Amino acid sequence: MGTYTFGPVAMDDSFIYTFFPLLAVIAVILYLKSKENAKVTTERAATVPYSLWDPNRKKTDNKTISPTSLPQDPVITPLRDANILSTSPYPFRPYKPVSRMTMGIEKCDPNDLFLLDSSYPARIALRKDLTIRYPNTLGASLQSTGAVKELYTFIFHHMSSRFPELFAINPTDSIFNNYVSGETYPLHPPGNSLVALKAIASTVEEDVLVLMQNPGEDVYRLQAFAGCFPNGFAWSEKMGMALSEIHGPVPLFKEKLEFSVDRFFGKLEMGRWVKRFNWTVAIHDQLCSLVANHIYQGVEFPEKLESVKLDGCYLRVERQVLLRLPVSKAIVFFIKTYMTPLNVVKAEGQGEALATAIEGMPDKLAIYKGRNIWGEAVVSALRS
Ligand code: HEM
């Protein structure tokens, strides 16, 4: 019988023949257990009640999640407003006399995740049509399967809790009813993420982006999306990218925002919902804009406009909401796009304020937003 020495420890054959097989068995058990846990997480994500997203829920509640024991939806106040679909979109005017590249994060009341208004019926019809005609409006990595299921359940519960007259869950048939579009969807998320994302795209007006960390990485990457209204790019081209890469074409992002955005994503707590705004001027009315609206470095400038008609130009505002899903821990980014003709902005008495804001953009950002093309003509029309 041989004896081996490992540093100060001496072992004989019989120990080695018992110890290493035992170690291998433990490793296999741990591996199987971790696979099982991943499966349970995915299944639980699909069935958890809405109250998991209660922003007032204490951190410790995480440990005792039971899909059946939690009370339904304690924070969301039902909005029973018969006129909601005849209300004009909220006039967000987020521009400032001088823009700075800042995070611009504000707290978002969970009741205000989705702001329904008169644009809703036409927008969701357009989104459904776009997902049918252009399959690359939807995308999902394998890694995002559990998060997409969780998101699907979350959105249906949220919509029916907040707008009970427009959306309802029928627990007997396990069906989500959208009374506005007449569509119904099974409450249990479909196995195919693209089917789930198509239902999401046809239910909410917002583009919905799911960001997750790859194992062993700190940065967040785009892992799934339902993106029908991109502002000058294709969401499919951003798939798999980290936030720094997604924002590659955005001037000043690297210098001014990248570090803060990455840190913010790493620290975003569940239950802390936030919102921010982007704005630009568009010289067309296309919500789904794959190429226009931005001038990328190295691309030839289109010709400068001598004059514009304000009713053909738009203030394009994005209201963005960020939150973390409780089970998958994915971060979801919702973008609702508002398009207001500039003659309306001017009629509100905002002509001078917008003209000043256009002039007050940092030069590099202004070039990216195409100010060289429309800037002078739009500013002069707003002031005339
Ligand atoms: C706190 C978080 C974020 C900040 C501060 C931020 C900031 C910005 C800014 C300043 C721009 C320039 C556009 C403009 O001002 O109109 C921009 C563009 C953009 N952002 Fe973000 N962003 C954030 C999160 C995200 C997330 C989560 C995504 C997507 C998953 C995203 C996707 C984009 C895209 C696709 C563009 C346009 C890039 C292009 O032109 O190719 N952003 N963002």
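Could you give me the residue pairs with C-beta distances under 8 Å whose first residue belongs to the stretch 96-123 and is small (G, A, S), whose second residue is open to solvent by 70 Å² or more (accessible area, probe 1.4 Å) and part of a helix (DSSP H, G or I) wherever it lies, and which are 6+ apart or on separate chains?
Listed by first residue and then by second, the contacts come to S118/S86.
Among the candidates K369, K336, which residue alone is under 22 Å from F233 (Cα atoms), within 11 Å of the ligand (Cβ to nearest atom) and crowded, with 22+ Cβ neighbours inside 10 Å?
Matching residue, one of K369, K336: K369.
Taking the stretch 222-259, which residues are in contact with a helix residue (DSSP H, G or I) (Cβ under 8 Å, 6 or more places away or on another chain), more than 8 Å from the ligand (Cβ to nearest atom), open to solvent by less than 50 Å² (accessible area, probe 1.4 Å) and not in a loop (DSSP other than H, G, I, E, B)?
Q223, A224, A226, S236, S244, E258
For the stretch 124-169, which positions are within 30 Å of P215 (Cβ to Cβ), surrounded by fewer than 18 Cβ atoms within 10 Å (Cβ to Cβ) and without any contact (Cβ under 8 Å) to a residue 60 or more places away in the chain?
Within the stretch 124-169, P135, L142 qualify.
Regarding the stretch 266-285, can at least one residue be identified that is part of a helix (DSSP H, G or I), away from the ligand (no atom under 11 Å from the Cβ), within 23 Å of Q143 (Cα to Cα) and at pLDDT 90 or above?
Yes, because at least one residue in the stretch 266-285 is part of a helix (DSSP H, G or I), away from the ligand (no atom under 11 Å from the Cβ), within 23 Å of Q143 (Cα to Cα) and at pLDDT 90 or above.
Pairs under 8 Å by beta carbon, first residue farther than 19 Å from A330 by Cα in the stretch 251-279, partner part of a helix (DSSP H, G or I) and open to solvent by 50 Å² or more (accessible area, probe 1.4 Å), six or more apart or different chains?
Close Cβ pairs (under 8 Å, with a partner that is part of a helix (DSSP H, G or I) and open to solvent by 50 Å² or more (accessible area, probe 1.4 Å)) amount to P251/K364; P251/I367; L252/K364.
Quick one: S202 ticks every box in (1) open to solvent by less than 50 Å² (accessible area, probe 1.4 Å); (2) within 14 Å of the ligand (Cβ to nearest atom); (3) hydroxyl-bearing (S, T, Y) except a single one, so which number is it?
(2)
For the stretch 287-299, indicate whether the set of residues that are within 29 Å of R123 (Cβ to Cβ) and part of a strand (DSSP E or B) is non-empty.
Yes: the stretch 287-299 contains one or more residues that are within 29 Å of R123 (Cβ to Cβ) and part of a strand (DSSP E or B).
Quick one: in the stretch 105-114, which of the residues that are open to solvent by 40 Å² or more (accessible area, probe 1.4 Å) and in a loop (DSSP other than H, G, I, E, B) is nearest to the ligand (Cβ to nearest atom)?
Out of the qualifying residues, it is I105.
The values are calculated or read from the model by the stated rules, or taken from the named source; none is laboratory data. From a predicted model like this one, the values you see are computed outputs, not experimental measurements. Using ideal geometry, Cβ is built from the backbone for each residue, glycine included, and neighbour counts are taken over all protein chains shown. Note: areas computed on protein heavy atoms with side chains; ligands, DNA, RNA excluded. Shrake-Rupley method; radii C 1.70, N 1.55, O 1.52, S 1.80 Å.
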